[in-house]
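Take a look at the structure below.
The values are calculated or read from the model by the stated rules, or taken from the named source; none is laboratory data. From a predicted model like this one, the values you see are computed outputs, not experimental measurements. Because the Cβ atoms are built from the backbone with ideal geometry, glycine has one as well, and the counts that use them run over all protein chains shown.
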Amino acid sequence: MSNLAHKVQRKNHYTEQVQPERQIEKRTRTTITRGEKFIWTISAVLLVAASIFLITNYATIYSVNKDIQVTETKIEQHGKQVSDLTLQKSELSTPQRIKEYAREKLGMAFNEKNVKVINN
């Protein structure tokens, strides 16, 4: 036998795929521009500043209202004290009590001869 070994050529079945020409697409920028960043930053800073301003005002208003309520409570307490003292003054200034005090504590006697009545 003869050495007839031969190489079997393998057929490459490569088919060249023809790629269609790519059309160059103009990509629109989806990134944020510097101007937009600046606007958003300024807006955020203004929002934070306005929030702080409002919260500070509400805290001040709350404090003032609390002080007003405390003052009103003190006024009511003083009003009650004044009315109690007025009642006590009217009780202590009765003519009968004055006569008794003068007689017992001061040793004075009531003499009708020395009483002078003045008519207005």
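Some observations on this one:
- Some residue of the range 71-78 being among the basic types (Lys, Arg) and either assigned to a loop (DSSP other than H, G, I, E, B) or touching a residue at least 12 places away in the same chain (Cβ under 8 Å) (or both): no
- Among (1) surrounded by fewer than 10 Cβ atoms within 10 Å (Cβ to Cβ); (2) not in a helix (DSSP H, G or I) - the single one residue 96 does not satisfy: (2)
- Total residues in the range 99-117, condition modelled with pLDDT of 85 or more, exposed (fewer than 10 other Cβ atoms within 10 Å of the Cβ) and not in a helix (DSSP H, G or I): 4
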